[in-house]
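J.: Questions regarding the structure given below will be posed in turn.
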C-alpha cells in the first residue's frame, strides 16, 4: 500500500519516486588500471572520472561508480524528463565511493619563517606553498567566509565573531582530521592542530596535533568550492545514491552554494549518501539566493537516509523553491563548527518559504551554534513529525518556525537536552529576550499546532514558546499576531519552563502531561504587560489553559546516539484531545480516556519508543 501521510490542511503528501527502467549504464572505476575517459564506460572498459560520465548521460541512463577516491567536482550536463526517465549517479553495491574536494599536499614543507611569532616559536611550526595549478578561478584560501549580504547584523557583532567570518574558506586535514584555522599568526604559536593563511593566500603555516612531523602524515587541502553541482541551472529528475562527499571549501550562506548542490533544480533524489566536512553547507536545495527569481517547476526533492555532519554553518539549506520536498530518515549532527550563529543563517536544516514540506524520522543531534531545524518566514502546510532533537545548544530553538501565518504542525517528536548557547555580545542576552535553548520556538506567527511530543531536560528556557519577539516586523503585508496556536497532548519532563504564549487570546493548551517536579513559574503569558508568570494551578484557574491536563511523577531516559528511550509514569493521566490538524476539523474536545499519544521518534530506521 502506498505511504499516506496527511499534511496540516488534510491533504495527503505527494510522494513520488524513481520509476526509471535504465536503458544504458556507464561504469566509472578510477582504481582500475585500464580505466580511461576515452573508454566507452562498460564494466570491462570503465571510465576514469565521474565527470566524464556526467558529460555522456542522457535521460533514462545512469552511472554506476565503483570504489575509490575521486578528487573532482562533478558537473551534471543534463537531467531527466520525469520519474520514468531520470539521470542517476549511484555507488556500486558494497563499494566505497568518495568524492573529495581536496588534494593531497605533499609539500615540500619547511620550518616556518616570516612572522616573528612563528619563527621564534618553541613549538615546531611548518609552512608550505600550495601548487598554483590547483586554483583555476577560485582559491578558497583567498576568499573569506563573509559575503556582501551581511550588512544588517554587523552593528552588534563582537570582534571575535567578525574575525571568524573573515577566516578563509579553505580547509586543511591531517590524516582525515581537520585542523582549526586561526585568525592571526600569533594564535598559531599558541596552539597545535591549527593553521594560518599568509597573504595572498597560497602559503600556509600549520602545526599538526601533538606537534607531529608532517612527513609522517597525509595532509590534504580543500581547494574546491563544491563536489557535485550542475553548471547548468534548473535541472530536474536527478538521483544521487550511496556516495560519500567531503572536503568542500564553500562560503557561508547566502548565497547557498553547498558541497552538493541542486543548482536551483527540481525533483532530485539524494539518498543513502554521506556529506561531511563542508566548510559551510552540505547540501542546498532551493534557489540559493533571496534575490534570484522563482522558476517553475521547483522543489519536490526527496532527501532520505543520508548522514550529514561536520558542516560549519548548515547541514542542508534551501531559500524558497522547496515546495513539496521530503526530508526523511536523515541523521544531521555536529553542525555549526564555524560558531557564527548570529548571522542567523545557520541550522542543521534551514529553509525559507517552505510550502507543503514533510520532515519525518530525522535525527538532529550534537549541534552547537545553530538550531536543529529552522523554517524561516511564510511557511505553509508543513509537517514536522517523528523526529529527534537532542543535545542542541543554540541562541534560538531546537525547532524554529519564524514569521509564519498559515497552519503548520509539529507532532510526535522527541526534544531532549536543549540548551541556551552563551550570548556573545557584551552585557549578555538583551533585556526582555527569551531566545536561546527553546524546544519549539514559534516567533511572531500564527496557526502552529504542537501535539504529541516529548519535551525533556530543557532547562534554560521554555519547552514551547509562541512569542512576539518581532512584534513590529511586517511580513507579507502584516505583523504576526501570536494567535490560534495549539499545544495539545504533549509530555513535559524536567522542564522548569514549560509553555510561553505571547498573548492568551485564541490560543489553546490542553491534554498535556506535566511532571510534578517542575511547577513553580513554569508558564507565561507575556502580553499585556506585565508578563504573567504562573504555576499550573493559576495557568488553569486564571488563564483557562490545560484544565483537562494532568501532573504525574515521570522519569525518562534517552540516549541520543543509540536512540533508546524509556520512561515510567505514576499518577493520573489526561484525556487525549482532538487535534484538528491530525484528526480533521472536528470539534476541539477531549476524545478518549487514554493519555497523550506518547511520541514515537524514528531516526535512520531505528525507533525510539516508550517502554
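Every number here is computed from the coordinates shown, using simple stated rules; none is lab data. Keep in mind it's a predicted model, so treat the numbers as computed, not measured. Cβ coordinates were reconstructed from backbone atoms using ideal geometry, including for glycine residues, and neighbour counts include every protein chain displayed.
J.: Over all distinct Cα pairs, what is the inverse of the mean 1/r for the stretch 140-180, reported as the Kirkwood hydrodynamic radius in Å? Working shown, then result.
T.: On the way: mean 1/r = 0.0854 Å⁻¹.
Here the Kirkwood hydrodynamic radius works out to 11.7 Å.
J.: What is the ratio of the Cα radius of gyration of the stretch 369-523 to 2.2 N^0.38 Å, where N is its residue count, to two decimals? Show your work: numbers first, answer last.
T.: Working: Rg = 14.3 Å, N = 155, 2.2 N^0.38 = 15.0 Å.
In units of the globular-protein estimate, the stretch 369-523 measures up at 0.95.
J.: Over the stretch 290-375, one equal point on each Cα, no solvent: what is log10 I(q)/I(0) by the Debye formula at q = 0.15, 0.24, 0.26 Å⁻¹?
T.: -0.52, -1.14, -1.24
J.: For 96, 444, what ranking results if the residue with the fewest other Cβ atoms within 10 Å of its Cβ goes first?
T.: Values: 96 14, 444 24.
If I rank by nearby Cβ atoms, fewest first, I get 96, 444.
J.: Just want the ordering: 322, 479, from fewest to most Cβ atoms lying within 10 Å of their own Cβ.
T.: By the 10 Å Cβ count, ascending, the order reads 479, 322.
J.: Nearest 5 percent is fine: what portion of the DSSP beta bridges confined to the stretch 324-608 is antiparallel? Intermediate results must be reported in sequence, preceding the final value.
T.: Numbers: 16 of 84 bridges.
Taking every DSSP beta bridge within the stretch 324-608, about 20 percent pair in antiparallel fashion.
J.: Sticking with this structure for a sec: For 259, 86, 146, 7, what ranking results if the residue with the fewest other Cβ atoms within 10 Å of its Cβ goes first? Display every interim value, and only then the final one.
T.: Details: 259 32, 86 25, 146 17, 7 21.
Taking fewest neighbouring Cβ atoms as first place, the list is 146, 7, 86, 259.
J.: Given C-alpha coordinates of the stretch 1-134, what is the ratio Rg to Rh with the Kirkwood estimate of Rh? Please list the in-between numbers first.
T.: Numbers: Rg = 23.0 Å, Rh = 18.7 Å.
Rg divided by Rh gives 1.23.
J.: Highest mean first, how do 307-320, 372-385, 61-74 rank when packing is the count of other Cβ atoms within 10 Å averaged over residues?
T.: Numbers: 307-320: 27.4, 372-385: 24.5, 61-74: 20.5.
Taking the mean over residues of other Cβ atoms within 10 Å, the ranking is 307-320, 372-385, 61-74.
J.: When the expected Rg is taken as 2.2 N^0.38 Å, what fraction or multiple of it is the alpha-carbon Rg of the stretch 183-304?
T.: Working: Rg = 18.1 Å, N = 122, 2.2 N^0.38 = 13.7 Å.
Cα-based Rg divided by the globular estimate yields 1.33.
J.: Right, here's the next one. Among DSSP beta bridges whose residues both lie in the chain, state the antiparallel percentage, nearest 5.
T.: On the way: 39 of 164 bridges.
Antiparallel: roughly 25 percent of the beta bridges in the chain.
J.: Here's another thing I want to ask about it. Quick one: what does P(r) look like for the stretch 64-144 with 10 Å bins over all Cα pairs, in whole %?
T.: Percent of Cα pairs in each bin: 13, 26, 27, 18, 10, 5, 1.
J.: Let me ask you something else. For the stretch 120-160, what are Rg and Dmax over the alpha carbons, in angstrom?
T.: Just the Cα atoms of the stretch 120-160 yield Rg and Dmax of 16.8, 43 Å.
J.: Another question, if that's okay. Can you tell me what percent of all Cα-Cα pairs in the stretch 247-307 are more than 15 Å apart? If you can, show how the numbers build up before the last one.
T.: Numbers: 926 of 1830 pairs.
Result for the distance tail: 51 percent.
J.: P(r) for the stretch 341-386, please, calculated from all Cα pair distances in 10 Å bins and given in %.
T.: 26, 52, 22
J.: Now, a different point. Given the convex hull of the Cα atoms of the stretch 103-222, what is a quarter of its surface area in nm²? Could you put the intermediate results ahead of the total?
T.: Details: hull surface 32.1 nm².
The Cα convex hull of the stretch 103-222, projected and averaged over all directions, gives 8.0 nm².
J.: Another one. More than 38 angstrom separation, counting every C-alpha pair in the chain; what % is that? Don't skip to the answer; put the middle values down first.
T.: Numbers: 65294 of 186355 pairs.
Value for the chain: 35 percent of Cα pairs lie more than 38 Å apart.
J.: Let's test this: bin the Cα-Cα distances of the stretch 324-608 at 5 Å from zero up to the farthest pair and state each bin's percent.
T.: 1, 6, 13, 18, 21, 19, 13, 6, 2, 0, 0
J.: Still on this structure: Over the Cα atoms of the stretch 445-564, what radius of gyration and what Dmax do you get, in Å?
T.: 14.8, 46
J.: Okay, next question. For the stretch 329-407, just the Cα atoms, rotate onto the principal axes and tell me the three extents in Å, largest first.
T.: 32, 27, 13
J.: Ok, one more. Share of antiparallel DSSP beta bridges in the stretch 438-571, in percent to the nearest 5? It would help to have the intermediate numbers written out before the result.
T.: Numbers: 11 of 35 bridges.
Of those bridges, close to 30 percent are antiparallel.
J.: By average Cβ neighbour count within 10 Å, what is the ranking of 290-301, 397-408 from highest down?
T.: Values: 290-301: 15.8, 397-408: 25.1.
Ranked by mean Cβ neighbours within 10 Å, highest first: 397-408, 290-301.
J.: Which order do the peptides 268-275, 227-234, 159-166 take when ranked by the mean count of other beta-carbon atoms within 10 Å per residue, highest first? Display every interim value, and only then the final one.
T.: Values: 268-275: 23.2, 227-234: 19.8, 159-166: 14.2.
Ranked from most to least packed, the peptides come out as 268-275, 227-234, 159-166.
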